[in-house]
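Presented below is the structure to which this report refers.
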Amino acid sequence: MIWYPYEQMKTMRAPYKIVDAEGVYLYTADQKLIDSVSSWWSVIHGYKHPELNAAIREQLDKFAHVMLGGLTHEPAEKLSEKLADWLPGDLDCCFFSDSGSVAVEVALKMALQYYMNRGETGRTMTLSLNHAYHGDTFKTMEVGDDEDYHFVLQAYGQSPYAAHIPPEIPALEQAFEQYHDKLNCLIVEPLLQGAGGMRMYDVSFLARARELCDEYGVLLIFDEVATGFGRTGNRFVADLVQPDILVLGKALTGGYIGHAATVASRRVFAGFYDNDPNHALMHGPTFMGNALACSVALKSIELFEREDYMSKIRRIEDIARRELAGFADPRVKEVRIMGGCICLEVYDPATLTGYQQFAYRHGVFSRPFLNYLYAMPPYIISEAELVQVISLMKQWFLQN
């Protein structure tokens, strides 16, 4: 049997069985659904895109996968070259992996070893944000701060290697004053904290973080697994404030295949480039640089550029602001909109009980969690389809 994610298997409702998907639509045997969450925020081009399908098929006729240990291939080389050219500054050195969580693990490992290679073995701490979510592997849970996901770590007690702060400049400055000689990195989901509740904060926090990291010699890591490729209304938040290490995933392949990249600056890479074999980064996921994933990622980036996806994202934000202007309900704590993300936070999670089934009956797939009713639609969604999604969110409160 399938063991499903984030579910108590004994009490979970039967999942909807998808038999086909195309554009923004998922199809069950009896319903056509707008996917308002883009398969966990990854399917930015929609389903069954002909050019992405063709990229997969063309590479499949050559080979599906070869390891990067002692071997290389054109799709991985071209993707690393494209990312180095496309990303800001000297974010040029790409380490590939097979999921966002693993890519964050790699970033954290890079940050720790960067200082160990320099003999600074006391820099063992990581600073991150309250309500952070960086994945479900163990080190990512440690730097995360969400008991709804990571309560299993209570078995270990409070970690001496992680500290958490709100995304507020006074708290940031205080943390650097207290921990600066122990920190190897500050890791953040920039501007938009996804699984922690679609929480949004100001870029001034990131600008000050960059200054403090420079002042105290701490690496700055941006986890843009969820925020990258336009979701915040910026191509990458790294375009506004450049980190030392950038983590990409989800939309990297247009949601076709699990793949991720940990992209380091040349300064970080230089900390490992040495005659000493002990200074090498000892990490190697089996499917890193998968040829199918790299091929479809290259085509996904081409579509993003050629079809001016940033204008599509601005259109989504404009429509959302128009449709939710003046909307209020005593059960709704806050309405938040940023780029391609729309969130209604409620006071009581019970308010959202039954919404998924309600949405299904009305032709939308939605997956609220905790206190958050949200949409992160594919960027190709039409105005009428987006209005349908948002109208349904409002209708839930009007009829209940």
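The values are calculated or read from the model by the stated rules, or taken from the named source; none is laboratory data. The model shown is predicted, which means the values in this text are computed figures rather than measured ones. Positions of Cβ are backbone-derived with ideal geometry, glycine not excepted, and every protein chain shown enters the neighbour counts. Side chains included, ligands, DNA and RNA excluded: accessible areas come from the protein's heavy atoms. Shrake-Rupley method; radii C 1.70, N 1.55, O 1.52, S 1.80 Å.
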### Message
Can you compute 3J(HN,Hα) from phi for each residue in region 235-245, using the Karplus curve 6.51 cos²θ - 1.76 cosθ + 1.60 with θ = phi - 60°, rounded to whole Hz and x for Gly and Pro?
### Response
3, 9, 5, 4, 5, 8, 9, 8, x, 8, 9
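Going by accessible area, probe 1.4 Å, with all protein chains left in place, what is the ranking of R361, R208, R118, largest first? Spell out each step's value before the answer.
Values: R361 155, R208 60, R118 135 Å².
Ranked from most to least accessible, the order is R361, R118, R208.
Show me the chymotrypsin sites (Phe, Trp or Tyr not before Pro) within region 111-161 that DSSP assigns to loop and that have at most 11 other Cβ atoms within 10 Å of their Cβ.
Values: sites: Y114, Y115, Y133, F138, Y149, F151, Y156, Y161; in loops: Y133, Y156, Y161.
Passing both the DSSP loop test and the Cβ count: Y156.
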### Query
What is the distance in Å between the Cα centres of region 347-400 and region 1-74?
21
### Summary
If each part is reduced to its alpha-carbon centroid, region 217-266 and region 309-337 end up apart, in Å, by 24
### Query
Taking the Cα-to-Cβ direction at D318 and at A29 and moving 7 Å from each Cα, how far apart do the two end points lie in nm?
4.4
#### Entry: Percent of alpha-carbon pairs separated by more than 14 Å within region 5-58
63
### Task
Using label points projected 7 Å from each Cα along Cα→Cβ, tell me how many nm separate Q154 and K62, to one decimal.
5.1
### Query
In debye to the nearest 20, how big a dipole does the chain give about its Cα centre with +1 on each Lys and Arg Cβ and -1 on each Asp and Glu Cβ?
940
### Message
Please compute the per residue accessible area over region 181-221 with all protein chains in place, 1.4 Å probe, rounded to a whole number of Å².
### Response
28
### Task
Report, by chain and number, residues whose modeled amide H sits under 5 Å from the one on A162, excluding near sequence neighbours (fewer than 5 apart, same chain).
T126
### Summary
Expressed in square angstrom to the nearest 10, the accessible area of E317 with a 1.4 Å probe stands at 40
### Task
With θ set to phi - 60°, apply the Karplus curve 6.51 cos²θ - 1.76 cosθ + 1.60 along region 111-119 and write out the HN-Hα couplings as whole Hz, x wherever there is a Gly or Pro.
4, 5, 6, 3, 7, 4, 4, 8, x
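Mind jotting down a quarter of the surface of the convex hull over the alpha carbons of region 21-101, in square nanometres, one decimal? Intermediate values should be presented prior to the final figure.
Details: hull surface 31.3 nm².
Value for region 21-101: 7.8 nm².
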### Task
DSSP loop (so not H, G, I, E, B), at most 10 other Cβ within 10 Å: list which trypsin sites (Lys or Arg not before Pro) in region 1-107 pass both filters.
K10, R13, K17
### Task
Quick one: grab the alpha carbon gyration tensor of region 153-289, order the square roots of its eigenvalues as a ≥ b ≥ c, and give me rounded if a/c is under 1.5, else prolate or oblate depending on whether a/b is larger than b/c.
rounded
### Message
Rounded to the nearest percent, how much of the accessible area of the chain (1.4 Å probe, protein heavy atoms only) is carbon and sulfur?
### Response
53
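Would you mind computing the Rg to Rh ratio of the chain from its alpha-carbon coordinates, Kirkwood style for Rh? Mind showing how you got there, number by number?
Values: Rg = 21.2 Å, Rh = 22.0 Å.
Rg/Rh: 0.96.
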### Message
Can you give me the accessible area per residue for region 261-400, using a 1.4 Å probe, in Å²?
### Response
44
### Message
At 1.4 Å probe size, what's the solvent-accessible area of M393? Round to the nearest 10 Å².
### Response
0
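Grab the other residues whose beta carbon is less than 15 angstrom from that of G23, score K and R as +1, D and E as -1, and report the net. Spell out each step's value before the answer.
Numbers: positive: K32, K48, K312; negative: D20, E22, D35, E51, E307, E383, E385.
Charge balance in the 15 Å sphere: -4.
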### Summary
Applied in sequence order to region 92-99, the curve 6.51 cos²θ - 1.76 cosθ + 1.60 (Karplus, θ = phi - 60°) yields integer Hz couplings, x standing for Gly and Pro, of 10, 10, 9, 10, 8, 8, 10, 6
### Query
Using alpha carbons only, how many degrees (0 to 90, rounded to 10) separate the axis of helix 309-324 from the longest principal axis of the chain?
50
### Message
Using a 1.4 Å probe on the protein heavy atoms only, what accessible surface does F287 show? Give it in Å² to the nearest 10.
### Response
110
### Task
Might you tell me the accessible area per residue for region 1-160, computed with a 1.4 Å probe and given in Å²?
54
#### Entry: In nm, spacing of pseudo-spin labels at K82 and E334 (7 Å Cα→C-beta vector)
3.6
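In the calculated pair distance distribution of region 111-165, what percentage of Cα-Cα distances lie above 17 Å? Working shown, then result.
Values: 585 of 1485 pairs.
Beyond 17 Å sits 39 percent of the P(r) for region 111-165.
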### Message
Longer than 30 Å from Cα to Cα, which of K10/K32; K139/K250; K62/K312; K82/K182 are they? Say none if no pair is.
### Response
K62/K312; K82/K182
